[in-house]
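Taking it in order: structure first as structure tokens, then the write-up.
Nothing in this text is a laboratory measurement; each read-out follows from the coordinates by a stated rule. Everything numeric here is computed off the predicted structure, so don't read it as measured data. When we count neighbours, we look across all protein chains shown, and the Cβ atoms used for this are built from the backbone with ideal geometry, even at glycine.
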Amino acid sequence: MSYLLSVLDRPDDANRGTKLAVREVFGIKLIGVRAVARRRAIFELAGMDEVQQAEWETLAVSEREARRVAREVARARELALTSRVRAEDGEVLSAADWIDRTIADGFSQIVSVRQGASVRYALADSVRHLQVSLRAKDGTLAYVRASLEQRAS
């Protein structure tokens, strides 16, 4: 369905020959109609009614959001992998591994504290009332945000 939409759900001057062929063969007009009517006609061409169209579009939006979150997590993890952090036990880890370990230990909330003109961020464990500092420059803040967003979805 997504391929069909990518070919046919375009402005009138795009894939004009294909749209004319659809009209000749199936009797479905795709040129000179509003975008909503064109999209509905494409779903009709595929044998889907309005309910099925709504279900497909809802699923497509959620899949697109999941892919966006996964890309964001991957980018943030790459940045966090370049930074090193010394853990409480003295072991030197990449910031990404340290964050994964910290989140697994129950830290699940980002808190911000205003300190003068700047804002400091921390990853907090609300049950044990503990916090660990995060930095925006080394990617730890971005990776924590992306990881927590991915876990929530």
Value of relative contact order over the chain, rounded to a whole percent, pairs C-alpha under 8 Å and six or more apart: 16 percent
Using θ = phi - 60° and Karplus 6.51 cos²θ - 1.76 cosθ + 1.60, couplings along the range 105-121 (whole Hz; Gly, Pro as x): 7, x, 7, 9, 9, 8, 10, 10, 10, 7, 10, x, 8, 9, 10, 9, 10
In the range 71-126, the GluC sites (Glu not before Pro) that fall in loop regions by DSSP, at most 10 other Cβ within 10 Å: GLU88
Phi to ³J(HN,Hα) by Karplus 6.51 cos²θ - 1.76 cosθ + 1.60 over the range 66-74, Hz, x for Gly, Pro: 4, 5, 4, 5, 5, 5, 5, 5, 5
Local electrostatic count at LEU8 - Lys and Arg +1, Asp and Glu -1, tallied over other residues with Cβ under 10 Å: +3
Cα convex hull of the chain - mean projected area over all directions, nm²: 14.2 nm²
